[in-house]
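The values are calculated or read from the model by the stated rules, or taken from the named source; none is laboratory data. Because the structure is a prediction, the values reported are computed rather than measured. All Cβ positions, even for glycine, are placed from backbone atoms using ideal geometry, and neighbour counts span all protein chains on display.
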Amino acid sequence: MNKITKFVNNASIKRFRFWFQIVAFFIIIYGGYAAIEIGENLPTFACPYLDKPGGTCFLMGLQHRFTLPFDQFISFRGLAIITSILFFLAGFVFLNKAWCGYVCPIGTLQDWFTKIRQKLGIRYSNYSEKKFKKLKKIKYILLALLILIPLGIANSIPGVGKLSHDWGVPFCMVCPGRTVLPIFNGDFSQLTIDFSSKTKMVFTFLGMAVTGMFFAGAFYKKRFFCFFCPMSAFQFIFKKLGLLRLVKDGSKCTKCGDCYRACDMGIREIADDVENKDIVKDDCMMCFKCVAACPEEGCLKVNFLSKTIYKATEEGFYKRTK
Amino acid sequence: MANEKVPFEIVPQVLWDDKFHIRTQTGDNIKLYAYSYGKPLENAEISVLSEQQWKKTMTADKEGGVEFQMIRDYYPKDWARFHRSHRSFMIFEAEYEVVENGEYQGQSYNRRKMITTMPWKYSPAQDDYASYSAGLTVGAVFFVLTIGGVLFYRERRRKPFLELDFEKKPKK
């Protein structure tokens, strides 16, 4: 048992994650061809615009379900919202926010772009703390909008009336998952501007603008889009239910800052916070690069059902940095 | 799938097996099959009739099938009235004649003609209202603007070379 623990703690999480992401990417993008269907409420961007995905993103269903008149909230349609959240949670609890770091195909793509950027020798940027705090609010605004806009379709807004159905699935319209992922199926049909109505035109314009920024951003900022991802915000609400946890023993932390430098998202608290045990922040994608970069024995740990499955060790640190 | 208990039926190609969010669009190639008690009917006459009374009649092949391209039948007066979700309707009609002697309601007959219909609906093609060139232009412009913006920002933050001369009085 000790040998296995030692092997795991000394292992390269980077390599493990690289292969895990490849497998997850193929399951999400091409799973349907192999009759794989993980679920319809996945806590990751398993885009329904794909030809035969291995599952479906929770956010699309959520937007559809919130296209609901207020008087029907206490009905079977209202119940559908609750059941979909329960199914979402059933998948979410196992990996917690590691869905972002290990499964999300848009995240994986950005990691691949980071590798290309490194090969090209382009330096990356980090946001200042002030900007970081401002930008992280965007995902909550997007989360609120993707619920409020569908409600505005089914319910009359004073002075405006009901929104047209062209406002449907508003987040999907601006999500790079819709435009970029179908390309892996050879489907380029989402890379268009839809002129059928003004609303569609604006949404598809925004979608293509975000796509352009997504490709450009991936070359100067690690996980560029993840700062704005409403899925990350939604997951954060339920993070305490996650069986997979990232915990920190602040008494062992020397604030060397290695974990912060390793963090693709640039979360400062991972190094600065020595008070809280649970240090998963809303931007964290649980990639565990911080654990691999920590030289302090047992300072950072990955627990599943309170059992440590991976932890920072001095030996592992030196092995990985050799 | 053809039903073995149905004397005469039209079975369209099963599009839903290909994709969940399938819908027939203008320009799509549609295959229709005519079956009698589950067996394909060669030489059955299959017609398609649009809302604007456009009609095409085809003869079924050995497998009882015909193929045709969905025509564009939706021309709103101006672009503001165009709806991407508009549904145009079509009627599929199949005819087949069987030569046989028999009796029906006390009257003898020497042939039997069978007709069956099936309604169908379809949407405008995406090419009618979506533009790749506009989409890719917007994407490319924002790609270049983002890259340019980042380079400009980085350039601005770079401190200019400053040679310090301690004997020189600083400029005010």
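General observations
- Every residue from the stretch A:280-318 that is in contact with a strand residue (DSSP E or B) (Cβ under 7 Å, 6 or more places away or on another chain) and over 13 Å from A:N96 (Cα atoms): A:C290, A:V291, A:C294, A:G298, A:C299, A:L300, A:K301, A:T308, A:I309, A:Y310, A:K311, A:A312
- Top-ranked residue in the stretch A:179-192 [being more than 11 Å from chain B (Cβ to nearest Cβ) and of a type in the set (A, V, I, L, M, F, W, C); ranked as farthest from A:I149 (Cα to Cα)]: A:F184
- Listed conditions (1) farther than 17 Å from B:R87 by Cα; (2) modelled with pLDDT of 90 or more; (3) within 14 Å of another protein chain (Cβ to nearest Cβ) are all met by B:G27, apart from (1).
- Residue satisfying all of: in the stretch A:199-226; within 7 Å of another protein chain (Cβ to nearest Cβ) and under 18 Å from the mean Cα position of the chain (by Cα); nearest to A:G266 (Cα to Cα) among these: A:G217
- Taken as a whole, the structure leaves A:A98 outside the set of residues that are closer than 26 Å to A:H64 by Cα, surrounded by fewer than 19 Cβ atoms within 10 Å (Cβ to Cβ) and among the small types (G, A, S).
- Odd one out for A:F195 among (1) of a type outside the set (D, E, K, R); (2) touching a Leu at 6+ places or on another chain (Cβ under 7 Å); (3) over 25 Å from A:A46 (Cβ atoms); (4) within 12 Å of another protein chain (Cβ to nearest Cβ): (2)
- When the criteria are applied in full, A:T192 fails the requirement of being in contact (Cβ under 8 Å) with a residue 24 or more places away in the chain and either more than 30 Å from A:E275 (Cα to Cα) or among the hydroxyl-bearing types (S, T, Y) (or both).
- Some residue of the stretch A:69-89 being within 25 Å of A:F288 (Cα to Cα), in contact (Cβ under 8 Å) with a residue 24 or more places away in the chain and in the same structural domain as A:F171 (by TED's automatic domain parsing): yes
- One residue alone among A:I147, A:I157 is touching a residue at least 12 places away in the same chain (Cβ under 8 Å), under 30 Å from A:Q72 (Cα atoms) and either within 14 Å of another protein chain (Cβ to nearest Cβ) or of a type outside the set (K, R) (or both), and that residue is A:I147.
- Test result for A:M201, at pLDDT 95 or above and touching a strand residue (DSSP E or B) at 6+ places or on another chain (Cβ under 7 Å): yes
- You will find that of B:G102, B:G139, the residue that is of a type in the set (G, A, S) and assigned by TED's automatic domain parsing to the domain that holds B:Q52 is B:G102 and no other.
- Condition met for A:P176 (within 11 Å of another protein chain (Cβ to nearest Cβ), buried (at least 23 other Cβ atoms within 10 Å of the Cβ) and in contact (Cβ under 8 Å) with a residue 12 or more places away in the chain): yes
- Selection status of A:S251, out of contact with any Pro (no Cβ under 6 Å at 6 or more places or on another chain), of a type in the set (G, A, S), part of a helix (DSSP H, G or I) and free of Cβ contacts under 8 Å to residues at least 40 places away in the same chain: yes
- Only residues that are in contact (Cβ under 8 Å) with a residue 60 or more places away in the chain and within 14 Å of chain A (Cβ to nearest Cβ) were counted in the stretch B:111-168, giving 6.
- Positions within the stretch B:42-56 being out of contact with any Gly (no Cβ under 7 Å at 6 or more places or on another chain), of a type outside the set (A, V, I, L, M) and touching a residue at least 12 places away in the same chain (Cβ under 8 Å), in sequence order: B:N43, B:E45, B:S47, B:S50, B:E51, B:Q52, B:W54, B:K56
- Taken over the stretch B:64-86, the criterion of being away from chain A (no Cβ under 14 Å) and either free of Cβ contacts under 8 Å to residues at least 24 places away in the same chain or not basic (K, R) (or both) is satisfied by B:G64, B:G65, B:V66, B:E67, B:F68, B:Q69, B:M70, B:I71, B:D73, B:Y75, B:K77.
- Number of the condition not met by B:F89 [criteria: (1) among the hydrophobic types (A, V, I, L, M, F, W, C); (2) under 28 Å from B:E9 (Cβ atoms); (3) within 14 Å of chain A (Cβ to nearest Cβ)]: (3)
- The residues of the stretch B:37-90 that are assigned to a strand (DSSP E or B), among the charged types (D, E, K, R) and surrounded by fewer than 14 Cβ atoms within 10 Å (Cβ to Cβ), listed by number, are B:K39, B:K55, B:K56, B:E67.
- Residue check for B:E103: among the charged types (D, E, K, R), in contact with a strand residue (DSSP E or B) (Cβ under 6 Å, 6 or more places away or on another chain) and part of a strand (DSSP E or B): no
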